[in-house]
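Following: one structure in structure tokens, then a few remarks.
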Amino acid sequence: MRIGTTLSNYIIENQRHTHGATGQFTGLLNDLAVACKKIADLVNKGDLLNVLGSADSENVQGEQQKKLDVISNLVFIEALHHNGHVAALASEEMDEVYHLPSGIPRGKYLVLADPLDGSSNIDVNVSVGTIFSVLKAPEGVDYPAEQDFLKPGTEQVAAGYCLYGPSTMLVLTTGQGVSMFTLNRDFGEFLLTHENIMIPADTNEFAINTSNQRFWEPPVQRFIDECLRGQDGPLGKDFNMRWVASMVADVHRILNRGGLFLYPIDAKLSAKGQAGKLRLMYEANPIAFIIEQAGGLCTTGRERIMTLAPESIHQRVPVILGSRNEVERIIGYHSE
Ligand code: AHG
Ligand code: MN
Ligand code: MN
């Protein structure tokens, strides 16, 4: 499509090519874009609106919530719940499935979101994001249950994220490649700026929180050790390291120039009874859909993320993703 096309036009154009489309999906993507624009505005104004800092509350995962975690979640609900495009919502910041009030028309979709990803960065003015995953809702069910959300990532009909960085960018897949849109704040529209994103298969850049190194499993220890040995080691090339600590920002770099992102399982997480740090349904699955659509891979080290059978909406998983050849190498180390 023409570079500079508005997101609204892009979505409507795609709807025309989809047999039997009713416009509900188009409406839903517009609602999501509205939520992202509102969150972008709040993140951008920050201290001016007194929205930085802690909310003095915890989410279901026992994590301290920031004011903007709570506010972004409200914006997400507000933008989606009464337009008749969704049947129910779920998010990192809500213990249970969010049911629509009675009297509001039920739509065909379920949406899961991480309303503010990387919120530990918000108070220091470093990039954060919003991640969303769209699934089909069960037909004729007014109050879909948690069970109705528990579909493998391969069932997603759309996934995306919005990155609140120097520019605000919305990155979207509906299963036909990955497109990037940049927000023009002057007239409040996302404009198409990149299409058919492809991640280079090879890379010499990795992202991992090395403060956890002593807790990693042997395959990850081995791989990172080999990266650090650079040209003198078995990989025969020097590596560069980056870690933003906002998954959205790290993934965005990888989509643009290749790379690896790892948040593996480690002994510290296992000791807390956690299967990983990142959440399957609203972090790993939507990002995996985007990464795979761009030719990359996303795995736990042992299994493809997108085919995992979820057991709960807040379930955690190990995540290793990015440039295909290096991810394959890490999978190989896990199977040895
Ligand atoms: P969230 O702010 O939604 O809880 O997610 C933060 C995640 C992810 O974005 C990031 O990659 C990771 O946590 C950072 O973890 P560390 O603080 O352990 O580096
Ligand atoms: Mn997150
Ligand atoms: Mn979050």
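Could you check the stretch 64-83 and list, in sequence order, the residues that are within 14 Å of ligand 3 (Cβ to nearest atom) and of a type outside the set (A, V, I, L, M)?
Once the filter is applied, which keeps residues that are within 14 Å of ligand 3 (Cβ to nearest atom) and of a type outside the set (A, V, I, L, M), the stretch 64-83 yields 64, 65, 66, 67, 69, 72, 73, 76.
Can residue 160 be described as within 17 Å of the chain's Cα centre (by Cα), outside any loop (DSSP other than H, G, I, E, B) and within 29 Å of residue 5 (Cβ to Cβ)?
Answer is yes for this residue.
Quick one: which of 86, 75, 126 is surrounded by fewer than 18 Cβ atoms within 10 Å (Cβ to Cβ) and over 16 Å from the mean Cα position of the chain (by Cα)?
Values: 86 fails: surrounded by fewer than 18 Cβ atoms within 10 Å (Cβ to Cβ); 75 fails: surrounded by fewer than 18 Cβ atoms within 10 Å (Cβ to Cβ).
From the options 86, 75, 126, the qualifying one is 126.
Restricting attention to the stretch 106-157, report how many residues are within 16 Å of ligand 2 (Cβ to nearest atom) and assigned to a loop (DSSP other than H, G, I, E, B).
Of the residues in the stretch 106-157, 3 are within 16 Å of ligand 2 (Cβ to nearest atom) and assigned to a loop (DSSP other than H, G, I, E, B).
Residue-by-condition table, conditions (1) in contact (Cβ under 8 Å) with a residue 12 or more places away in the chain; (2) loosely packed, with under 14 Cβ neighbours inside 10 Å; (3) over 20 Å from the mean Cα position of the chain (by Cα):
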{"residue": "15", "(1), (2), (3)": "no, no, yes"}
{"residue": "18", "(1), (2), (3)": "no, yes, yes"}
{"residue": "23", "(1), (2), (3)": "no, yes, yes"}
{"residue": "31", "(1), (2), (3)": "yes, no, no"}
{"residue": "48", "(1), (2), (3)": "no, yes, yes"}
{"residue": "51", "(1), (2), (3)": "yes, no, yes"}
{"residue": "56", "(1), (2), (3)": "no, yes, yes"}
{"residue": "82", "(1), (2), (3)": "yes, no, yes"}
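Checking residue 280 against (1) surrounded by 20 or more Cβ atoms within 10 Å (Cβ to Cβ); (2) within 16 Å of ligand 3 (Cβ to nearest atom); (3) within 20 Å of residue 227 (Cβ to Cβ), only one condition comes out false. Which one?
All conditions are met except number (3).
Could you please give the count of residues in the stretch 18-28 that are in a helix (DSSP H, G or I) and out of contact with any Phe, Trp or Tyr (no Cβ under 9 Å at 6 or more places or on another chain)?
Of the residues in the stretch 18-28, the ones in a helix (DSSP H, G or I) are 24-28.
Of the ones still in play, those that are also out of contact with any Phe, Trp or Tyr (no Cβ under 9 Å at 6 or more places or on another chain) are 26-27.
So the count comes out to 2.
I'd like to verify a number: residues in the stretch 240-276 that are part of a loop (DSSP other than H, G, I, E, B) and either surrounded by fewer than 21 Cβ atoms within 10 Å (Cβ to Cβ) or on the phi > 0 side of the Ramachandran plot (or both), how many?
Start the filter on the stretch 240-276 by keeping residues that are part of a loop (DSSP other than H, G, I, E, B), which leaves 242-246, 258-259, 264-265, 272-276.
Keeping just the survivors that are either surrounded by fewer than 21 Cβ atoms within 10 Å (Cβ to Cβ) or on the phi > 0 side of the Ramachandran plot (or both) gives 242-245, 258-259, 272-276.
Counting residues in the stretch 240-276 that are part of a loop (DSSP other than H, G, I, E, B) and either surrounded by fewer than 21 Cβ atoms within 10 Å (Cβ to Cβ) or on the phi > 0 side of the Ramachandran plot (or both) gives 11.
Could you list, in sequence order, all residues of the stretch 82-109 that are away from ligand 1 (no atom under 15 Å from the Cβ) and touching an Asp or Glu at 6+ places or on another chain (Cβ under 9 Å)?
Those that are away from ligand 1 (no atom under 15 Å from the Cβ) and touching an Asp or Glu at 6+ places or on another chain (Cβ under 9 Å): 83, 85, 86, 87, 88, 96, 97, 99, 100, 102, 106, 108.
Condition first: within 16 Å of ligand 2 (Cβ to nearest atom) and not aliphatic (A, V, I, L, M). Now tell me which residues in the stretch 85-105 satisfy that. Don't jump to the end; show me each part of the working.
Taking the stretch 85-105 first, the residues within 16 Å of ligand 2 (Cβ to nearest atom) are 90-94.
Result: 91, 92, 93.
Here is a list: 181, 132. Which entry is modelled with pLDDT of 95 or more, buried (at least 24 other Cβ atoms within 10 Å of the Cβ) and closer than 19 Å to residue 4 by Cα? Write out each step before concluding.
Values: 132 fails: closer than 19 Å to residue 4 by Cα.
Checking each option against the conditions leaves just 181.
The values are calculated or read from the model by the stated rules, or taken from the named source; none is laboratory data. Note that the structure is a prediction, hence the values are computed from the model and not measured. Please note: Cβ atoms are built from the backbone with ideal geometry, for glycine as well, and neighbour counts cover all protein chains shown.
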